[in-house]
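One structure is given below, encoded as structure tokens.
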Amino acid sequence: MAYSTTSWRLLVCSLSLCLLPLVASQLTHPSEVEALNSIAKHWDLGKWSFSVDPCTINSPWSFPNNPGIGCDCSSFGNSTCHVTHMKIYALDISGTIPMALFNLTELMDLNLAQNILNGSIPPQFGQLSKMRYLSLGINNFTGPVPAELGNLTSLISLSFSSNNLSGPLPKELGNLTPLEQLYIDSSGMSGNIPKELVNLKALRILWASDNLFTGNLPEFFGTLTNLENLRLEGTSLNGPIPTNFAALTKLTDLRLGGPMLGKSSLSFVKNLRSLSILSLRNCQISGELPVQLGDFPNLLYLDLSFNKLTGQIPSSFQNLKSLEILYLGNNNLSGPFSSQIMPPKLMALDLSFNQLWGTYLSNDIQSGLVVNLVGTRVDVNTLYDRKTSDVFRCLQEGYSCSDKVPTYKSFSVNCGGPEQTSATGIVYSDDSETLGSASFYTSTEQVWSVSNTGIFISNPNGPKFIASTDSQIMGTLESELYKTARISQSSLRYYGTSLINGKYYVELHFAEIVMDDSVSWKGLGRRIFDVYIQGERVLKDFDIKAEAKGAYRAIVKTFDANVTNNVLEIHFFWAGKGTCCIPFQGTYGPLVSAMRIYQQGSTSASFSSRNDKRRRGVLLGLVLGGAGGLLIASSIVYLWRKKDENRHFKVHTDSPRKV
């Protein structure tokens, strides 16, 4: 019976490349023991102490422990064990890769991700010909990607994402014909995507966003018909999107984002019925929405915003039984708004800034749905009071705000936080209301409004839109002002909707409070976004942490703005750049801590909107002083009560405009 059991174990280990030895007498190859000891010393791995054989059963370093090694003791003669797996993951290991690593010639699986390794990626990796899984992502590697990686023709998965590499992708990667997963996002790659990658017919997952790729979006991608997940956002690739992408019928997740030069159409998506996530944001797509989209049974998330789509929304969209998020804002869609386009499970709908008309009837819309109709001609009077409707009209093209709302010379906002008074007496208004995935809020006095579009699909912390910290903020005397911030996955806008026309200063306050700058892999994140004021881009590829020279450090950017229609627009826009997943999935997009807007040359420049109102109240009291004390007293009481009523109220809309 004992012999039979041993034979069974040998068979299992042989088939699965067993990671542990079967008998204590089996020994790790001496050269590999020496290599492991050298690696442990180089990286100061205190848990690795190989006074006993490294492949000992149930040792503290046995795979899948971390750090850990796995051994194959069944595939080699003379009872010899070889190290086939190594895991040194998210341990903040620093330094370069030791040459001793390449003496482990039987390595099949090497995971060095989420550390702070530096230096170049050694070309000696090309010697590890049995490697099947190689993960070098989220580190500090620099220099080019070695062409020798093309020698690893058994590779199934390769990752060097989130590094500081440079230069083009080596064409030799086209030799990796068994490759199924390639993660190169935020790696620093540039130049054209080599045509040799056409050979990667087995590829299922390709993440290549946030790189400096140039040239045209490769047509040969359309021949990689096993692709299931393709992400290519935030590059400098040109369009159009090749029509042969129609052959990628196995895609479940497609995310392309520009801006891409060259007009594209949606004709290629008609047969991609396996999609659950489709994001073609800011891709210069024109033409009409395909009726066939309404037949996609698994579609959960559809974002076609910031394009040039025309025509009506197809009635077939009501057949999207699984759809939860629909973003069609910032296009040229026209026609009537109808509840018939509302899929039954829809949670968020953005139709902002389209040529839509009609009446929004809340009774026809399912409970819990948030809808953004700002910038359309849809009548929202059935939803909101007249003052709120006036704010909406101010944000429509062709309308004037001059006689719709009061006028002010300044306002200040504590983005994402409660009312805060600075040391110089500036009152930063409360902005702590919870914004959703298609939401709009306006202040009590209708001085300013804020809108958000976007949702973090993969964020393990859920759909959060406010960041906060208890850490002290450096570089400012107003630390509390920076301990909260608005964040957005896509588009965050603030509007001043009741300003006196003229020239203004716009102060934007930032501090990175989500990504840290510790000596850790968690400090390697890069948040990059653009800022527009009155439609003009004033900050491109803005990185708060880099500008402030560290996380939890305040930085203020000041700009000029001209207000001609009583409206000021400040737009924080994510263009697909920056790391996506440090310190966790869904960590990217715009972040702003506070803002202060005041008219140039105004004596009230140091006051918030509330202070501005108080000053006008005092001035009015002086003018009316001769009318008698009773009138003054009653006026003061009236103004005081008006000041505190209503606070902030929720408007289920958002208002992104075209970039």
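The values are calculated or read from the model by the stated rules, or taken from the named source; none is laboratory data. Here the structure is a predicted model, which is why all the values come from computation and not from measurement. FYI the Cβ positions are ideal-geometry reconstructions off the backbone, even for glycines, and counts take in every protein chain you see. Areas reflect the complete protein model, heavy atoms only, side chains present, ligands, DNA and RNA absent. Shrake-Rupley method; radii C 1.70, N 1.55, O 1.52, S 1.80 Å.
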Checklist entry - Mind checking which residues of the stretch 215-244 are farther than 23 Å from G137 by Cβ and open to solvent by 20 Å² or more (accessible area, probe 1.4 Å)? => result G215, N216, E219, F220, T223, T225, N238, P240, T243, N244
Checklist outcome for this item: Filtering the stretch 237-265 down to residues that are assigned to a loop (DSSP other than H, G, I, E, B), at negative phi and either basic (K, R) or over 24 Å from the mean Cα position of the chain (by Cα) (or both) yields P242, L248, T249, K250, K263, S265
Checklist entry - Does S498 satisfy the criteria of being among the polar types (S, T, N, Q) and modelled with pLDDT of 95 or more? => result no
Checklist outcome for this item: Scanning the stretch 90-113 for residues that are in contact (Cβ under 8 Å) with a residue 40 or more places away in the chain and within 13 Å of S135 (Cβ to Cβ), the one surrounded by the fewest Cβ atoms within 10 Å (Cβ to Cβ) turns out to be A90
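Listed here are the residues, each with its yes/no results for (1) closer than 30 Å to D390 by Cβ; (2) of a type in the set (F, W, Y); (3) touching a residue at least 12 places away in the same chain (Cβ under 8 Å).
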| site | (1), (2), (3) |
| --- | --- |
| S458 | no, no, yes |
| K483 | no, no, yes |
| I487 | yes, no, yes |
| Y494 | yes, yes, yes |
| I513 | no, no, yes |
| D517 | no, no, yes |
| I528 | no, no, yes |
Checklist entry - How many of the residues in the stretch 284-316 are crowded, with 21+ Cβ neighbours inside 10 Å and either over 22 Å from T376 (Cβ atoms) or aromatic (F, W, Y) (or both)? => result 3
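Within the stretch 158-168, identify whether any single residue is within 20 Å of G68 (Cβ to Cβ) and buried (at least 21 other Cβ atoms within 10 Å of the Cβ), and answer yes or no. Break it down stepwise before answering.
At the first step, the residues of the stretch 158-168 found to be within 20 Å of G68 (Cβ to Cβ) are 159.
Restricting the remaining residues to those that are buried (at least 21 other Cβ atoms within 10 Å of the Cβ) gives 159.
Checking the stretch 158-168: at least one residue is within 20 Å of G68 (Cβ to Cβ) and buried (at least 21 other Cβ atoms within 10 Å of the Cβ).
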Checklist entry - What number of residues in the stretch 275-288 are part of a loop (DSSP other than H, G, I, E, B) and touching a residue at least 40 places away in the same chain (Cβ under 8 Å)? => result 4
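Being without any contact (Cβ under 8 Å) to a residue 24 or more places away in the chain and open to solvent by 20 Å² or more (accessible area, probe 1.4 Å): is that true of K549 here?
Numbers: without any contact (Cβ under 8 Å) to a residue 24 or more places away in the chain: yes; open to solvent by 20 Å² or more (accessible area, probe 1.4 Å): yes.
Considered against the rule, which asks whether it is without any contact (Cβ under 8 Å) to a residue 24 or more places away in the chain and open to solvent by 20 Å² or more (accessible area, probe 1.4 Å), K549 comes out as yes.
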Next on the checklist: Residues that are surrounded by fewer than 16 Cβ atoms within 10 Å (Cβ to Cβ) and either modelled with pLDDT of 95 or more or in contact with a Leu (Cβ under 9 Å, 6 or more places away or on another chain) (or both): does the stretch 564-580 have at least one?
Outcome noted: no
Next on the checklist: For the stretch 130-141, check the following and say yes or no: at least one residue is outside any loop (DSSP other than H, G, I, E, B) and either in contact (Cβ under 8 Å) with a residue 60 or more places away in the chain or surrounded by fewer than 16 Cβ atoms within 10 Å (Cβ to Cβ) (or both).
Outcome noted: no
Checklist entry - Out of (1) surrounded by fewer than 24 Cβ atoms within 10 Å (Cβ to Cβ); (2) within 23 Å of L435 (Cβ to Cβ); (3) in contact with a helix residue (DSSP H, G or I) (Cβ under 6 Å, 6 or more places away or on another chain); (4) not polar (S, T, N, Q), the odd one out for G535 is which? => result (3)
Next on the checklist: Just to verify a result, which residue in the stretch 225-236, among those that are assigned to a strand (DSSP E or B) and free of Cβ contacts under 8 Å to residues at least 40 places away in the same chain, is nearest to P194 (Cα to Cα)?
Outcome noted: L232
Next on the checklist: Please count how many residues of the stretch 501-522 are within 21 Å of T587 (Cβ to Cβ) and surrounded by fewer than 18 Cβ atoms within 10 Å (Cβ to Cβ).
Outcome noted: 3
Checklist entry - Of all residues in the stretch 50-74 being among the small types (G, A, S) and open to solvent by less than 60 Å² (accessible area, probe 1.4 Å), which is farthest from S38 (Cα to Cα)? => result S74
Next on the checklist: Being touching a Pro at 6+ places or on another chain (Cβ under 6 Å) and not in a loop (DSSP other than H, G, I, E, B) is the filter here; which residues of the stretch 149-189 pass it?
Outcome noted: K171
Checklist entry - Looking at (1) under 26 Å from G239 (Cβ atoms); (2) of a type outside the set (S, T, Y); (3) in contact with a strand residue (DSSP E or B) (Cβ under 8 Å, 6 or more places away or on another chain), can you tell me which one L158 breaks? => result (1)
